[in-house]
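A.B. asks: Following this message is one structure expressed as structure tokens.
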Amino acid sequence: MGNRVYTRREFIKTLSVAAATGAAFSSLSSCTKEAREEFLQKRFVEMTDAEKKGVIARLEEKYRRAYGKQFQISTQGARPKTLWGYGLDLSRCIGCRRCVYACVKENNQSRYDPQLQWIRVIRLKKGSLINLEDSEHYYNPQEVPEPGFTYQPVQCQHCENPPCVKVCPVKATWKEPDGIVVVDYNWCIGCRYCMAACPYKGRVFNWADPKLPPEEANTAVHYLGNRPRYRNVVEKCTFCIQRVRSGRYPACVEACPTGSRKFGNLLDENSEIRYIIQHKRVFRMKEDLNTEPKFYYFFAT
Amino acid sequence: MRRILMVSLCAVLVAFCLDLYAKSKQEDFPVPRPPFSEGIFPCSSCHAGMETNAKRRVLKDEHKNIVLKHAAEQRWCLDCHDAQNRDKLRLANGDHVDFEHSYELCGQCHGNIYRDWKAGIHGKRTGYFEGGQRMYMLCVNCHNPHDPAFKPLKPEPPPHRPLQKGPAHGK
């Protein structure tokens with residue numbers, strides 16, 4: 001030990017460090033391998049391909065045990081020269097909510113208790129179109145469209161300058177190179193700061209364990225998209241990342257019976273969304289907030 | 001020799017222009033089979049042996065279920081269906097188109113919708129927008145040509161209010 005006096009302060013420091021390591025070691029070794037791997041998992045963007053494969057295998061096994069089905073979890077990356085844009089024809093939306101339930105079915109959302117929906121259709125009085133304070137989204141008439149009202153579906157606008165990404169304290173949500181704002185459900189800590197930051201109410205939270213009946217589960221999923229989520233994470237529209245990266249339309253676009261929804265690549269001059277922006281009267285919601293959403297509302301007639 | 005070259009060059013140019021013109025007239029879109037009623041097509045299976053009565057009237061014997069509510073004051077059946085060959089549709093100038101190209105008939109009056117449809121921004125889109133089967137739907141896949149006005153739909157249920165346990169959707 002030498003000539004130096006061993007003080008009480010040093011003794012307590014050494015003791016607490018030893019106790020902390022001992023506790024960590026015992027807790028990590030006493031839980032299952034799966035739980036330990038999940039706890040020590042890195043952020044998705046920092047993982048190597050080999051680590052991603054390991055994570056996918058572990059998750060597929062976990063889902064197989066929970067739902068009895070073999071899920072295919074894709075980690076397909078963004079295509080080059082792509083920026084996804086969405087178009088919504090307000091002259092044709094009748095507020096039937098088929099898009100809402102098609103999204104729920106495609107994206108494995110919690111169904112009955114709690115009920116999570118990524119698309120919210122608001123009913124606005126004609127003549128005061130952007131008066132959101134007077135809007136109603138619990139409307140339930142016998143038939144739609146009701147005379148004197150227009151309908152506007154709202155979902156995550158996938159902003160180019162997303163406030164939710166700025167405020168996340170752990171960087172569990174980020175904007176992918178093709179413009180889709182995604183959430184890594186294994187990294188999200190559930191603080192809900194992003195929900196407070198979003199001006200469009202685009203995000204929803206899993207307050208309880210999500211209830212997804214196994215027979216209704218969609219097994220073609222993406223790690224950052226529609227794989228079944230857990231309690232305590234935030235989720236939102238991902239532009240059906242599992243579909244669009246293979247060139248398919250999102251589920252809401254296919255479900256709309258009046259053809260109000262359009263989708264395409266903003267960087268492709270021949271795409272439908274570019275034609276709409278060029279030829280129709282487009283606007284975006286809350287443009288004064290400078291979030292630069294990629295969800296364009298327009299009137300085709 | 002030079003004259004031959006010039007003449008053949010002109011011929012090639014003329015052929016190219018004609019080809020382009022022909023191609024622009026027959027721009028083809030991949031559409032599904034027209035949604036005929038059961039057993040109604042080909043129409044000539046009944047009409048080939050029948051006399052054509054071109055008098056404008058309400059039909060009494062057959063096709064009674066079709067009531068025209070689509071510019072009914074200005075036209076009747078044989079203005080769109082060809083009187084001599086019922087397997088074809090008739091454009092305003094008398095040209096024939098088959099039912100797979102019925103959009104050319106609709107586009108005569110609904111020009112701005114036709115332009116939007118050709119660009120891919122009118123109507124329902126399904127399937128692949130690139131890299132796969134890009135499908136266009138025919139006008140008649142969504143719009144009934146004899147009675148095109150859409151009937152109102154029953155909306156899907158509203159979201160549950162917070163702190164409310166509602167009945168399951170669909171159950």
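A.B. asks: List pairs: first in segment A:133-159 and closer than 16 Å to A:V253 by Cβ, second basic (K, R) and open to solvent by less than 50 Å² (accessible area, probe 1.4 Å), Cβ under 6 Å, 6+ apart or cross-chain?
C.D. replies: Pairs found: A:C156/A:K236; A:H158/A:K294.
A.B. asks: Still on this structure, please answer the following. Restricting attention to segment A:102-112, does a residue exist that is farther than 28 Å from A:C191 by Cβ, surrounded by fewer than 21 Cβ atoms within 10 Å (Cβ to Cβ) and within 11 Å of chain B (Cβ to nearest Cβ)? Lay out the reasoning, then the answer.
C.D. replies: Looking only at segment A:102-112, we keep the residues that are farther than 28 Å from A:C191 by Cβ, and these are A:102, A:105.
Next, only the ones that are surrounded by fewer than 21 Cβ atoms within 10 Å (Cβ to Cβ) stay: A:102, A:105.
After this cut, where a residue has to be within 11 Å of chain B (Cβ to nearest Cβ) as well, the list is A:102, A:105.
The answer is yes, given that some residue of segment A:102-112 is farther than 28 Å from A:C191 by Cβ, surrounded by fewer than 21 Cβ atoms within 10 Å (Cβ to Cβ) and within 11 Å of chain B (Cβ to nearest Cβ).
A.B. asks: Let me ask something else. Pairs please, first residue from segment A:93-122 and on the phi > 0 side of the Ramachandran plot, second anywhere and basic (K, R), Cβ atoms under 9 Å, 6+ apart in sequence or on different chains.
C.D. replies: Note: pairs meeting the criteria are A:G95/A:R123; A:N108/A:R227; A:N108/A:R229.
A.B. asks: Oh, and also: Out of (1) within 8 Å of another protein chain (Cβ to nearest Cβ); (2) small (G, A, S); (3) open to solvent by 10 Å² or more (accessible area, probe 1.4 Å), the odd one out for A:G264 is which?
C.D. replies: Every listed condition holds for A:G264 apart from (3).
A.B. asks: Give segment B:92-109 a look and list any residue that's over 24 Å from B:S45 (Cβ atoms) and either of a type in the set (A, V, I, L, M, F, W, C) or touching a Ser or Thr at 6+ places or on another chain (Cβ under 8 Å) (or both), or say none.
C.D. replies: Within segment B:92-109, B:A92, B:C106, B:C109 meet the criteria.
Residue-by-condition table, conditions (1) not acidic (D, E); (2) not in a loop (DSSP other than H, G, I, E, B):
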site: A:I130; (1), (2): yes, no
site: A:E160; (1), (2): no, no
site: A:V170; (1), (2): yes, no
site: A:M195; (1), (2): yes, yes
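A.B. asks: With A:T301, A:T291, A:T238 as the choices, which residue is part of a loop (DSSP other than H, G, I, E, B), within 12 Å of chain B (Cβ to nearest Cβ) and either within 20 Å of A:L129 (Cβ to Cβ) or open to solvent by less than 10 Å² (accessible area, probe 1.4 Å) (or both)?
C.D. replies: Numbers: A:T291 fails: within 12 Å of chain B (Cβ to nearest Cβ); A:T238 fails: within 12 Å of chain B (Cβ to nearest Cβ).
Of A:T301, A:T291, A:T238, the one residue that is part of a loop (DSSP other than H, G, I, E, B), within 12 Å of chain B (Cβ to nearest Cβ) and either within 20 Å of A:L129 (Cβ to Cβ) or open to solvent by less than 10 Å² (accessible area, probe 1.4 Å) (or both) is A:T301.
A.B. asks: Now for a different question. Quick one: A:K52 ticks every box in (1) open to solvent by 20 Å² or more (accessible area, probe 1.4 Å); (2) part of a loop (DSSP other than H, G, I, E, B) except a single one, so which number is it?
C.D. replies: Condition (2) is where A:K52 drops out.
A.B. asks: Could you check B:N144 against (1) more than 7 Å from chain A (Cβ to nearest Cβ); (2) of a type in the set (S, T, N, Q); (3) over 20 Å from B:W76 (Cβ atoms) and say which number it fails?
C.D. replies: Single failed check for B:N144: (3).
A.B. asks: Ok, one more. Give the residues of segment A:92-101 that are open to solvent by 20 Å² or more (accessible area, probe 1.4 Å) and not in a loop (DSSP other than H, G, I, E, B), sorted by residue number.
C.D. replies: Initial filter on segment A:92-101 (open to solvent by 20 Å² or more (accessible area, probe 1.4 Å)): A:92-94, A:98, A:101.
A:R98, A:Y101 - these are the residues of segment A:92-101 that are open to solvent by 20 Å² or more (accessible area, probe 1.4 Å) and not in a loop (DSSP other than H, G, I, E, B).
The values are calculated or read from the model by the stated rules, or taken from the named source; none is laboratory data. Computed from a prediction, not measured in an experiment: that's the story for all the values here. Neighbour counts are summed over all protein chains in view; Cβ atoms, including those assigned to glycine, are modelled from backbone coordinates with ideal geometry. We work out accessible area using only protein heavy atoms, side chains counted, and drop any ligands, DNA or RNA first. Shrake-Rupley method; radii C 1.70, N 1.55, O 1.52, S 1.80 Å.
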